[in-house]
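No lab work stands behind these numbers, since they all come straight from the coordinates. Bear in mind that the values here come from a model prediction, so they are computed numbers and not experimental data. In this analysis, Cβ positions are derived from the backbone assuming ideal geometry, glycine residues included, and neighbour counts consider all displayed protein chains.
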Amino acid sequence: MGDQRAVSWRDYSVTLVIVAINIVGYILCTQMGEVVYNIGSMNAEKILVDKQYYRLITAIFLHADIEHIVSNMIYLIGLGQMLEQMIGHVRFAVLYLLSGLGASVFSMMYSVLTGDIYDAVGASGAIFGLIGALFILLVIRDMRRRARRRSGDRNVMPGQEDILDENGRVIPDGYESISVGKLIFVVVYMIYSGTRAARVDNAAHVGGLVCGLLIMAVMNLIKTGGYKG
């Protein structure tokens, strides 16, 4: 079992930086009107025809209104403070940016395939990537527990010893209360809600989720060679 240690804001400093960038982006949008949206939104035609590929990234740091950014930042802080301390600052930054990029690509492809050219902004695709990464970590945690039960290891009590940071130290209150089943229910509900609501880019949500699953699985394999990391 790793040594337990207290959690501070430094453990999720990258999350806070990302939140700050989003807030600055929103302030620019409110001060400059449609100018920022016209320059930075995800728009398949402008990306593919005008080759403005930067939009695939800038779109994930812009938001349509105050409710949009507040809800996304709440999710980001909640997930980020858990994930960043478990996988480290660099891997968290890579996970977030690649998930956001993948979400934008999925959104762009959906726009092209349906012939519906729209402008999209928001961090929700990248946030779905964090949810996908958390799903992988939950599966790894449960596999380790089953392996311990099969081995008859009575010296390891179930609980927080399974929730470790990247250096093997115990994280107080990590994600012990979250189960794979609960997370699946939340994801299904969120995607279903997206299909019933107007102006929700569900293609980006699905794309971010898939990318988060794949990226976290690959990261874990690279670091540990399997689920035992």
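Points to keep in mind about this one:
- Computed from backbone phi, the HN-Hα couplings of segment 184-201 come to 4, 4, 4, 5, 4, 5, 5, 5, 4, 4, x, 6, 9, 9, 7, 6, 10, 8 Hz, rounded to whole numbers (Karplus: 6.51 cos²θ - 1.76 cosθ + 1.60, θ = phi - 60°; Gly and Pro given as x).
- Amide H partners (placed H, <5 Å) of residue 118, local residues excluded: 44
- Loop-located GluC sites (Glu not before Pro) in segment 41-115 (DSSP state not H, G, I, E or B) with no more than 10 neighbouring Cβ atoms inside 10 Å do not occur.
- ³J(HN,Hα), Karplus 6.51/-1.76/1.60, whole Hz, each residue of segment 93-104, x for Gly, Pro: 4, 5, 4, 5, 5, 5, 5, x, 4, x, 4, 5
- Using equal-weight Cα scatterers in the Debye expression, the normalised intensity of segment 9-224 in log10 at q = 0.09, 0.11, 0.12, 0.18 Å⁻¹ is -0.38, -0.55, -0.65, -1.28.
- Note on residue 151 and residue 93: the model spin-label points, each 7 Å out from Cα along the C-beta direction, lie 3.5 nm apart.
- The stretch between residue 65 and residue 50 holds 2.7 nm of extra length on full extension. This uses 0.36 nm per residue minus the Cα-Cα distance.
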